[in-house]
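Scroll down for the structure; my scribbles are underneath it.
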Amino acid sequence: MPLINVTNITKQFGSTRAVDQLSFDVQPGEIFGLLGPNGAGKTTTIRMILDIFQPDSGEIDVLNGPMTEEKKNRIGYLPEERGLYQDISLERCLTYLAKLKGMDVSSATKTLGDYLKQLDLYDHRHKKVKELSKGMQQKAQLITTLVHDPELLIIDEPFSALDPVNTEMVKEILQMKRDEGKAIVMSTHQMNQVEELCDRILLINHGRRVLYGTLSEIQRSFAEKDIIVSSLNTLPDAIAGVVKIDPINGRYRLSLDEQAEPNQILKTLINQGIELTTFELAVPPLNQIFIKVVKEQRGEENG
C-alpha cells in the first residue's frame, strides 16, 4: 500500500496554476525522484503533501489517510532552505528539534550521538551552528530529518553544499533507510544522483506530469537504435547492419540501419570471433532526457 497517494490535485495562486491535475504514488521501500525545472510545481506539491497548503481540488492520502498532527511526527522533512537555530550549540539545537518530534531527552541524546559520529560532526557538537560550514549545516539538517526514525522522508536537494566524500556518506544513509522499508521522496536537480538512487521518478513541468515510471522504463522509451560494445579484440571495419562505428573511451558505439536488430548484430559479431565484454542498448542519460522534454514543451508553448 502506498505511503503517499496523490490523485488529480490542482493548486492555483491568482492566475498561475502551480499544480495541474497531478497524480502519483510513493511506495514503502523506494526512493522516489520528484523532478522538474525551477517553477515546475515541485515545492508546491511537497507543501500540499505536508498539509502546509491545501489543494484546490483532488485528494492526498499520506500514511493511509488524510494528514493529521500525529502523522507529522512520522514524517521527516529536509527543506532546501536550512532551518537551524544559528546562535546556539549544534547539540542543543538538534536536541530541541528532536523533542519537537516527540522524542524524550534520553532517546534523543543517544540517537543524535550516533548520527553525529556517523556524519563526522561529533567533535563539532559544542560549536554554535553559525560557526559550522555550509556542508556541516546540511548534514546537521539531515540529522533533524532522520533522528525520530520517520516512516516517510521528504528531502529537497539533500546533497547541497556537500563534497564528494560527504555526498557518498549521505547516499549510503538514504539507501539504508530505503532498505529498512522507508519511503523517500527526493527532489533534486542533480540527475546523476537520481540515476544512482531513485527506483522511480516523476518529472513535472508547469505543474503537469510529463514522465512517470522507473528509470529504466523511461530511458528505454527514449533509447536510440544504437548499441554500445566493448571487446577484447579489434572490431572489423564493416559489420552487416551497422552504418557507423564510433570509438568512445575504450568502447564502441554502433549505429544500426533501419532494418537491423540488436540480436542480429550480436550474432554477427560472435560468428566473426569477436570476444565481447559489453553489449548493451545505448540509453540516454536522465539529464539529456530532462533537457529534451522540457525544451520540447517550451517549443510547443511558444509555437
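The values are calculated or read from the model by the stated rules, or taken from the named source; none is laboratory data. Remember, predicted model here, so these are calculated numbers, not experimental data. With ideal geometry, Cβ positions are generated from the backbone for all residues, glycine too; neighbour counts draw on all protein chains shown.
Descriptive notes on the structure:
So that you can scan it fast, the table gives a plain yes or no per residue for (1) more than 30 Å from K171 (Cα to Cα); (2) of a type in the set (S, T, Y); (3) touching a Cys at 6+ places or on another chain (Cβ under 6 Å):
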position	(1), (2), (3)
K225	yes, no, no
A238	yes, no, no
I248	no, no, no
S255	yes, yes, no
A260	yes, no, no
Q264	yes, no, no
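- Filter pass, K99 being without any contact (Cβ under 8 Å) to a residue 40 or more places away in the chain and within 20 Å of E80 (Cβ to Cβ): no
- Residues in the stretch 41-79 that are among the small types (G, A, S) and surrounded by 14 or more Cβ atoms within 10 Å (Cβ to Cβ): G41, G58, G76.
- Breaking point among (1) crowded, with 16+ Cβ neighbours inside 10 Å; (2) closer than 16 Å to V147 by Cα, for F24: (2)
- Per this entry, P37 is not counted among residues that are in a loop (DSSP other than H, G, I, E, B), under 25 Å from the mean Cα position of the chain (by Cα) and either farther than 26 Å from N287 by Cα or not assigned by TED's automatic domain parsing to the domain that holds H189 (or both).
- Within the stretch 1-34, the only residue that satisfies the criterion of being in a loop (DSSP other than H, G, I, E, B), modelled with pLDDT of 95 or more and of a type in the set (A, V, I, L, M) is L3.
- Cross-chain or 6+ apart pairs with Cβ under 8 Å, the stretch 258-285 first and hydroxyl-bearing (S, T, Y), then not in a strand (DSSP E or B): T268/I239; T268/A240; T268/G241; T277/L232
- Positions within the stretch 44-74 being under 21 Å from K177 (Cβ atoms), out of contact with any strand residue (DSSP E or B) (no Cβ under 8 Å at 6 or more places or on another chain) and of a type in the set (K, R), in sequence order: K72
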